[in-house]
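A quick write-up on the structure given underneath.
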């Protein structure tokens, strides 16, 4: 719709965008207290703009009710959970029920019964699934087969109304296949089918609950080590499904004084107050011996080596209280450190505070305790490479060196990324002949004057259309967002959530690392 707006500063268009932001917050499944205050401000601004843009139109009661939404969210939570508009779709169904049943006595009971019967019918497939599932089938036509096949089918005495299908699967067989492949992914397909058929036909496995009764002798076609692996996997699944009857134990593991990754002389206390971090005193006196405290008092930033040493000292002192302080407690301690010496530890670039201001310090504390509690060396993760062997290819810029002359516009658009990207036509990036903006694989603007304008338009597209940053460019885009544009939320991020990776801080770790590098260069200068 935005491409049809001639004046981007049109008051009616701005009011529409404001209403869109209000609707997004109201319909959000989760909302934070800071966003509730922001929602109240947006509603006040929208109502004021409406009175100015439509002076002859009086506000209706539904506009007044908007002002109560922030208070209702505080009392009852996200309003989408108590939204009743979805029941409007039932109105036509209820009208048809009354019309065709012609029963006007105890209408509410009649409608309730018919509605529940309809819902039960629609959900019957999910509640009562057949053990045998058949894909698309078709009637048997014997004339299409050879004489030998026709004779074999006639011997089976198959009825004339039977059907034939290319794929028939048993629920128990599929579950067994998934369970085996989870432990033995390299298992040959022929051997896999043999094991599955044996367990179903000979052993008698019918449902996933029967897996716990499988024994060592039930898998004769597998090698001994494969049997042990699979049975161990089944035992662990059984243990995880059983609820724990014992009370959760607190941190009781004691560190070995000879462990190189552990602080020396650590004593672990099992009775720790949940609010211990609020009363915790940072051991500043231990830092004075290393000439760190004198620099902090002068407002100077400590060197990277001194900063790491300070983190080790504080972590060793916290470990005397608990080995697993948790992110909440470490956040409180990091806030105390930055509050006392903001000039030395606050995350900022040229006076612009990035994130909460203490994210890098919090990240270092968390990483330190991860090292302390690590039982073994973690496996190194390999960087993802593209087809040309380049690590972490930069997203957002799409180029094609010497494209073939037969390449059509459709071919070019089919190779575009789904996320917003800047298409550059020319020999160099900054001095190209043409710049175009593509979103969702479609060129939305093909007359961008220069690279700077194109970069700004591409970045703004992520916010206008509510698109998350792509995984291979989230650090670059977040750096532009926080350090150039100045959008610095304390919580939340537009980067996509990555599986099997914990995000310790709202700010991307690479952005924090770059900020600290800049600060270290200033310290050395």
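The values are calculated or read from the model by the stated rules, or taken from the named source; none is laboratory data. Every value quoted in this text rests on a predicted model; they were computed, and no experiment measured them. Here the Cβ positions follow ideal geometry from the backbone for every residue, glycine too, while neighbour counts run over all protein chains shown.
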Exercise. Looking at (1) part of a helix (DSSP H, G or I); (2) exposed (fewer than 13 other Cβ atoms within 10 Å of the Cβ), which is the only condition residue 8 fails?
Worked result: (1)
Exercise. So residue 206 clears everything in (1) without any contact (Cβ under 8 Å) to a residue 40 or more places away in the chain; (2) within 30 Å of residue 139 (Cα to Cα) except one condition, right? Which one?
Worked result: (1)
Problem set entry | Output for the stretch 317-348, where each listed residue is out of contact with any helix residue (DSSP H, G or I) (no Cβ under 9 Å at 6 or more places or on another chain) and in contact (Cβ under 8 Å) with a residue 40 or more places away in the chain | 320
Seminar exercise, completed: Across the stretch 59-85, the tally of residues that are surrounded by 14 or more Cβ atoms within 10 Å (Cβ to Cβ) and outside any helix (DSSP H, G or I) stands at 1
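Matching residues to (1) closer than 29 Å to residue 5 by Cβ; (2) surrounded by fewer than 16 Cβ atoms within 10 Å (Cβ to Cβ); (3) modelled with pLDDT under 75:
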residue	(1), (2), (3)
407	no, yes, yes
416	yes, no, yes
436	yes, no, no
451	yes, no, no
454	yes, no, no
494	yes, no, yes
Seminar exercise, completed: Of (1) at pLDDT 80 or above; (2) assigned to a helix (DSSP H, G or I), residue 185 satisfies every one except (2)
Exercise. How many residues, within the stretch 298-349, are outside any helix (DSSP H, G or I), under 30 Å from residue 481 (Cβ atoms) and under 34 Å from the mean Cα position of the chain (by Cα)?
Worked result: 4
For this session: Look at residue 115 and say whether it is touching a helix residue (DSSP H, G or I) at 6+ places or on another chain (Cβ under 8 Å), without any contact (Cβ under 8 Å) to a residue 40 or more places away in the chain and not assigned by TED's automatic domain parsing to the domain that holds residue 10.
Result: yes
